[in-house]
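The values are calculated or read from the model by the stated rules, or taken from the named source; none is laboratory data. Keep in mind the model is a prediction, meaning the values are calculated, not measured. Using ideal geometry, Cβ is built from the backbone for each residue, glycine included, and neighbour counts are taken over all protein chains shown. Surface areas here come from the heavy atoms of the whole protein model, side chains and all, with no ligands, DNA or RNA. Shrake-Rupley method; radii C 1.70, N 1.55, O 1.52, S 1.80 Å.
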Amino acid sequence: LVCLKSQEAFVMLGGRARNVTATSDMIDGENMTVQCSEVATGYSGTTVAKCALGVLTADASECSSNPCAPIMVPVKIGSISSFLNVTNVTEGKEVASGTTLKFDVELVHADYHGTAILKCLDGIFVPDLTDVLCKRSGCLTKSCGIFARVGVLKTEQYGIISTDYTNMQHKDTETRNCGDHLYGHMGAITLSCNMGILAADTSQCAAKPCEAGTPATLVASGLYGNASIASAVPHGQTTEVQCNEVNPATSYFEVGTCSFGTIVAPGGGSACLDYTVTRTTSTTTLTTTTTTVTLPAGVVEIKSDDSNNNLVGVAIGAACFGVCLCCCWMFCCQSRPKTQSTPDLHRTHSFMSRTGSFMSSMTSNLSYQGGLDASFGRSSPGSTLTRKVSPDVEEACVEGGNLKAAAAGASPRPAADAWS
């Protein structure tokens with residue numbers, strides 16, 4: 001994804017949002033350097049804009065406010081132009097932005113007393129004569145004169161108001177729009193001339209809120225557009241900007257901040273998620289091992305080597321008696337018999353590959369009368385697994401399906417009738 005020429009990102013400088021615009025198409029991962037002075041007047045340094053997945057973001061952390069030069073600052077006191085000499089106060093050094101300088105106004109105009117203030121903001125001195133008062137009768141009715149200037153400060157924003165060619169007389173007032181002199185504000189500023197001193201009342205000025213429907217610019221999964229907020233938000237507060245208003249195929253939201261009536265989403269849409277979810281499927285393969293065991297014809301007897309665990313044999317015998325013949329054969333002998341094809345009894349056993357301690361703890365050695373040794377799970381040492389066929393005949397469960405008639409003179413049952 002690319003970031004298109006003229007696509008915008010936002011940074012906060014001087015207490016308000018500033019836009020950084022791409023000067024050309026940018027590929028994914030490409031950076032662009034912009035001078036801070038091009039982003040905001042009164043700032044120096046560089047701003048770095050970066051394109052990531054079609055979203056343009058900017059970092060203005062290296063931008064800094066310009067200092068104020070040590071100059072003579074003109075002021076109008078009692079309709080007389082005067083100057084406040086910054087050089088004398090700072091010994092010819094620059095003044096850092098945000099610094100406030102104070103001057104004794106009597107050194108400027110003998111008819112007045114009090115303190116004149118200059119505040120350095122982004123390389124500009126903003127005058128404040130609020131504390132200057134007339135001390136002699138000669139200035140009680142003085143006009144403010146033409147081009148009288150007064151500074152205004154509100155919500156981190158500032159401006160300078162001039163009377164231009166209007167010579168405001170003592171006690172005259174005038175109304176100005178806040179937004180004309182203070183960025184992002186609404187309401188009215190009241191200018192007044194009092195004994196030759198121009199003053200500005202900004203108490204009725206307020207930062208603009210973001211009304212419902214205010215748009216925010218986002219890039220949602222490659223689509224560039226605007227998303228509107230659902231409800232009004234005061235200046236400085238945050239709100240959710242829904243990504244799917246720009247791209248219906250996306251979800252989640254970007255956090256937007258109201259800055260003087262404008263919704264700014266610094267992330268630019270990087271928080272927007274695509275609905276597509278990648279799933280990984282794993283497959284488990286079950287391995288089966290088949291073993292063929294041939295048992296000799298005849299009677300086979302199963303016995304174990306110890307006689308301490310007869311209860312296990314009794315339990316298995318009870319299970320064989322209560323479950324269907326096929327299941328009994330699987331639990332007792334772990335085999336699946338086939339049909340008998342020759343006088344010799346041939347059986348094919350299918351065993352599932354097993355691990356763990358189950359087999360090691362449950363397996364005992366079996367002794368076959370025919371001379372074949374095999375493992376018979378679940379047998380107890382010293383016990384024989386049998387079942388009653390009649391009051392006079394017992395059968396023993398034999399691996400491979402052989403049965404032994406335990407009563408004297410009884411014949412073994414056919415293998416086809418084995419426990420299966």
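Couple of notes before you dig in:
- Once you reduce the range 11-67 and the range 159-226 to the center of their Cα atoms, the two points are 26 Å from each other.
- Two-site label geometry, Thr115 and Asn19: point separation in nm, points 7 Å out along Cα→Cβ: 4.2
- When peptides 221-230, 111-120 are ranked by their average number of other Cβ atoms within 10 Å per residue, the highest-first order is 111-120, 221-230.
- Relative contact order %, the range 90-238, counting alpha carbon pairs below 8 Å whose residues are six or more apart: 15
- Per-residue ³J(HN,Hα) for the range 25-31, Karplus 6.51 cos²θ - 1.76 cosθ + 1.60, θ = phi - 60°, Hz, x for Gly and Pro: 4, 10, 7, 4, x, 7, 10
- When +1 charges are put on Lys and Arg Cβ atoms and -1 charges on Asp and Glu Cβ atoms, the dipole computed for the range 26-118 relative to its Cα centre reaches about 180 debye.
- The dipole here belongs to the range 135-246: it is taken about the Cα centre, uses +1 on the Cβ of Lys and Arg and -1 on the Cβ of Asp and Glu, and is about 720 debye.
- Binned Cα-Cα distance frequencies in the range 123-186 - 5 Å width, integer %: 4, 14, 21, 25, 18, 11, 5, 2, 0
- Relative protection proxy for 250-257, 34-41, from highest mean packing down: 250-257, 34-41 (other beta-carbon atoms within 10 angstrom).
- Point-charge dipole on Cβ atoms (K/R +1, D/E -1) for the range 68-135, about Cα centre, debye to 20: 60
- Under 5 Å, built H, 5+ apart or other chain: amide partners of Thr47: Val34, Gln35, Cys36
- Taking all protein chains into account, the per residue accessible area for the range 29-94 stands at 51 Å² (1.4 Å probe).
- Accessible area in square angstrom per residue, the range 104-208, 1.4 angstrom probe: 48
- If you plug the beta carbon distance of Thr87 and Thr141 into 1/(1 + (r/R0)^6) with R0 = 35 Å, you get a FRET efficiency near 0.55.
- In order along the range 157-169, the Karplus-derived 3J(HN,Hα) couplings, from 6.51 cos²θ - 1.76 cosθ + 1.60 at θ = phi - 60°, round to 10, 9, x, 10, 9, 10, 7, 6, 8, 8, 9, 6, 8 Hz, and Gly and Pro are given as x.
- Pairwise Cα inverse-distance average, inverted: Kirkwood Rh of the range 1-159 (Å): 18.3
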